1. Could you tell me which numbered condition residue 62 fails, if it satisfies all but one of (1) surrounded by fewer than 19 Cβ atoms within 10 Å (Cβ to Cβ); (2) more than 24 Å from residue 132 (Cβ to Cβ); (3) touching a helix residue (DSSP H, G or I) at 6+ places or on another chain (Cβ under 7 Å)?
2. Please indicate, with yes or no, whether at least one residue in the range 205-216 is part of a loop (DSSP other than H, G, I, E, B), at pLDDT 95 or above and farther than 27 Å from residue 135 by Cβ.
3. Of the conditions (1) part of a helix (DSSP H, G or I); (2) buried (at least 20 other Cβ atoms within 10 Å of the Cβ); (3) out of contact with any helix residue (DSSP H, G or I) (no Cβ under 7 Å at 6 or more places or on another chain), residue 184 satisfies every one except a single condition; which number is it?
4. Restricting attention to the range 169-178, does a residue exist that is in contact with a helix residue (DSSP H, G or I) (Cβ under 7 Å, 6 or more places away or on another chain), at pLDDT 95 or above, at negative phi and outside any loop (DSSP other than H, G, I, E, B)?
5. Quick check on my filter: what residues within the range 52-63 are within 24 Å of residue 92 (Cβ to Cβ), assigned to a helix (DSSP H, G or I) and touching a residue at least 24 places away in the same chain (Cβ under 8 Å)?
């Protein structure tokens with residue numbers, strides 16, 4: 001199990017921060033039609049349940065936006081990945097299948113409303129802390145180019161910062177070569193429902209990614 005520590009800085013600024021952390025051995029491949037269909041079904045459920053002007057009022061999203069403001073980051077410019085997913089759907093931009101791991105993460109994120117960070121463990125160098133980015137910090141975000149992570153809640157290891165609830169970095173991206181991964185559900189509203197969503201994530205990984213050696217835990221301040 002990858003050990004993750006929430007920093008004192010985040011503890012002081014936002015004590016409701018919690019992480020549902022899971023590690024597993026997996027097989028990465030194209031999603032089967034059943035998983036693609038589930039992603040499409042959830043897409044339709046979102047369209048039927050929300051208007052775009054309601055997204056910021058969803059409790060899990062609202063808590064994350066308030067946390068970002070407290071950290072000193074503008075949540076309308078640096079959105080939680082879960083908020084960005086919901087907005088894409090409600091703008092009719094759609095969520096295209098990528099691979100089984102990315103699609104599983106998107107399904108669980110859309111259901112839970114929490115952002116999810118996924119890392120290839122071969123490219124993570126413990127110890128790992130969840131902390132705030134510094135003034136000169138940045139990294140190559142997946143599909144985003146250089147990302148300014150000053151005041152953004154980020155994961156950090158011996159090589160530097162590598163993932164956040166806004167965007168993970170290219171360094172730890174899940175690829176077809178990934179065999180062992182760390183998936184982290186990020187909550188800024190405490191641990192309520194995190195256990196349920198971790199169990200859901202585990203179920204999807206077993207069904208669609210041949211997952212084994214699964215371990216999970218709740219990380220709190």
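1. Tallying (1) surrounded by fewer than 19 Cβ atoms within 10 Å (Cβ to Cβ); (2) more than 24 Å from residue 132 (Cβ to Cβ); (3) touching a helix residue (DSSP H, G or I) at 6+ places or on another chain (Cβ under 7 Å), residue 62 fails exactly one: (2).
2. Here is the first cut: in the range 205-216, the residues part of a loop (DSSP other than H, G, I, E, B) are 210-211.
Applying the additional criterion that residues be at pLDDT 95 or above yields 210-211.
When the remaining residues are screened for being farther than 27 Å from residue 135 by Cβ, the result is 210-211.
Yes, that holds for at least one residue.
3. Result: residue 184 passes all but (1).
4. Yes; the residues of the range 169-178 include at least one that is in contact with a helix residue (DSSP H, G or I) (Cβ under 7 Å, 6 or more places away or on another chain), at pLDDT 95 or above, at negative phi and outside any loop (DSSP other than H, G, I, E, B).
5. Listed by number, the residues that qualify are 52, 55, 56, 60, 61.
The values are calculated or read from the model by the stated rules, or taken from the named source; none is laboratory data. If you're wondering where the values come from, they're calculated on a predicted model, not measured in any experiment. Glycine gets a Cβ as well: all are built from the backbone with ideal geometry, and neighbour counts include every protein chain shown.
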